[in-house]
Amino acid sequence: MHATLKNHNQAPRKVRLVTDLVKGKSVSKALTILPFVKKKGALEVQKLIASAVANSGEEASSLMIENIIVGKGMTIKRWLPRARGRATPLRKEKSHITVTLKKK
């Protein structure tokens with residue numbers, strides 16, 4: 001029972017701040033906590049947990065979050081013009097998020 005989100009447009013270290021809040025908790029408790037977290041990744045993690053629950057076919061009250069893994073996705077490389085004709089690299093990181101559920 002798992003769900004995966006690939007190439008989420010946010011750096012992995014920022015998404016991990018959200019996933020660490022709900023790791024190891026029951027699904028119903030996690031879905032209660034996430035709407036009140038003021039981070040961009042909270043909505044995506046909430047949708048992903050709901051998708052994992054739908055994939056399992058069980059009720060949310062009987063499931064627990066076993067593990068949430070946030071890995072590094074692809075990096076988009078851009079250039080920012082600077083003074084005297086120079087350029088500075090910009091690296092826009094993306095992340096892969098995997099949620100695994102288990103029964104209580």
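Annotations for the structure displayed:
- The residues listed here are Ile97, Ile76; of these, the one that is of a type in the set (Val, Ile, Thr), closer than 15 Å to Ala11 by Cβ and touching a residue at least 40 places away in the same chain (Cβ under 8 Å) is Ile97.
- Any chance Leu5 is under 10 Å from the mean Cα position of the chain (by Cα), of a type in the set (A, V, I, L, M) and outside any helix (DSSP H, G or I): yes
- Top-ranked residue in the range 51-66 [being assigned to a helix (DSSP H, G or I) and farther than 10 Å from Val99 by Cβ; ranked as modelled with the highest pLDDT]: Ala54
- Any chance Ile69 is farther than 13 Å from Asn9 by Cα and not small (Gly, Ala, Ser): yes
- Gly85 satisfies every condition listed in (1) without any contact (Cβ under 8 Å) to a residue 24 or more places away in the chain; (2) surrounded by 10 or more Cβ atoms within 10 Å (Cβ to Cβ); (3) over 15 Å from Lys23 (Cα atoms); (4) not charged (D, E, K, R) except (2).
- Taking the conditions (1) on the phi < 0 side of the Ramachandran plot; (2) more than 14 Å from the chain's Cα centre (by Cα); (3) assigned to a helix (DSSP H, G or I) in turn, Arg84 satisfies each one other than (1).
- Out of Lys77, Lys47, one residue alone is at pLDDT 95 or above and exposed (fewer than 12 other Cβ atoms within 10 Å of the Cβ). It is Lys77.
- Subset tally (residues that are in a helix (DSSP H, G or I) and closer than 26 Å to Thr75 by Cα) for the range 34-50: 10
- Qualifying residues in the range 13-33 (those that are assigned to a helix (DSSP H, G or I) and of a type in the set (Lys, Arg)) - the one surrounded by the fewest Cβ atoms within 10 Å (Cβ to Cβ): Arg13
- Tabulated pairs, the range 1-27, first in contact (Cβ under 8 Å) with a residue 40 or more places away in the chain and more than 14 Å from Ile69 (Cβ to Cβ), second crowded, with 19+ Cβ neighbours inside 10 Å and among the polar types (S, T, N, Q), C-beta under 8 angstrom, 6+ apart or interchain: Asn7/Ser95; Gln10/Ser95; Ala11/Ser95
- Condition broken by Arg78, with the remaining ones in (1) in contact with a strand residue (DSSP E or B) (Cβ under 6 Å, 6 or more places away or on another chain); (2) charged (D, E, K, R); (3) at positive phi satisfied: (3)
The values are calculated or read from the model by the stated rules, or taken from the named source; none is laboratory data. Remember, it's a predicted structure, so these values are computed and weren't measured experimentally. Glycine also receives a Cβ, built like all others from the backbone with ideal geometry; neighbour counts cover every protein chain displayed.
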